[in-house]
Amino acid sequence: MKPTFENLVGTKGGTIHVTVSPPRNAGSGLTLARESVVLGGGGGALTLGDGTGGDSGMWVQYMAGRACYGIAAGGETWAASGPFSGCHIVVGKKDGSIYVAHLAQQSGSTADADWAGRGWKDDPWGRWKVPIPSQTIAFTSSIVFVDWSKGTSPSSVSVVRMDVQHKAMGGFDSVPMTILDVVHIVDPG
């Protein structure tokens, strides 16, 4: 399933189970940290996990204090990343391919300096802060989905924030998490 806004908006109040592999890279600096993923399920019960296939996309890992990015492989028309609770997402084009970056923003982060020093001759389309979804509900964060299935120009790209509740901060639960809300960050409408 492709994570279009139309497919995601009806999941509010349902669940999502995120089972993507944990980051494999260590060290510091700007890091290529991507996996192929599939979004499955339907109605109020989604799964997001490792895999490939006709509707597979790209998962961009989150690493505390770091700038991580992924460059879409042939045929991929969407990406996702998380958890976001004040981090930034960047979307653009590098050497003709779509990239998505997750820039961690906690105290002591080197993500902004690492991203600024990347040296790419790229075409950044946008950078957005993804705030913590709730100041009143404990342990919330967001998963951000980027969909370029309708075209690879900035005016065709949809960026959607899915707010989830989990049992602790710093990552996703190993069980399905409640979907609190689904909203457009960028609506190509």
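The values are calculated or read from the model by the stated rules, or taken from the named source; none is laboratory data. Note that the coordinates shown come from a computational prediction; the quantities given were computed from them, not determined experimentally. Neighbour counts run over all protein chains shown; Cβ positions are idealised from the backbone, glycine included. Remember, those area values only see protein heavy atoms, side chains included, never the ligands or the DNA or RNA. Shrake-Rupley method; radii C 1.70, N 1.55, O 1.52, S 1.80 Å.
For the reader, a short list of remarks on this structure follows.
- Karplus-derived HN-Hα couplings along region 58-70 (A = 6.51, B = -1.76, C = 1.60, θ = phi - 60°), whole Hz, x at Gly and Pro: 10, 9, 9, 5, 9, 10, 3, x, 10, 9, 10, 9, x
- Using θ = phi - 60° and Karplus 6.51 cos²θ - 1.76 cosθ + 1.60, couplings along region 127-132 (whole Hz; Gly, Pro as x): 9, 10, 7, 10, x, 4
- Carbon/sulfur fraction of accessible area - the chain, other protein chains in place, 1.4 Å, %: 51
- Over 15 Å [Cα-Cα, region 147-186], rounded percent: 55
- Helix-only mean residue ellipticity at 222 nm for the chain, each DSSP H run of n ≥ 4 adding -39500 (n - 2.57), per residue, nearest 500: -1000 deg cm²/dmol
- Rounded if a/c under 1.5, otherwise prolate or oblate - region 99-155, Cα gyration tensor axes: oblate
- Low-density loop cleavage sites - trypsin sites (Lys or Arg not before Pro) in region 90-189, where at most 12 other Cβ are within 10 Å (DSSP): 121, 167
- Loop sites in region 1-77: trypsin sites (Lys or Arg not before Pro), DSSP, at most 10 other Cβ within 10 Å: 24
- Only one item in [x] 0.93; [y] 0.96; [z] 1.21 matches Rg/Rh (Cα atoms, Kirkwood Rh) derived from the coordinates shown, and that item is [x].
- Annotation: amide H of residue 46 within the under-5 Å range of 15, 16, 17, sequence separation 5 or more or interchain, hydrogens built in the peptide plane.
- A 1.4 Å probe run over region 65-170, with the rest of the protein chains in place, finds 41 Å² accessible per residue.
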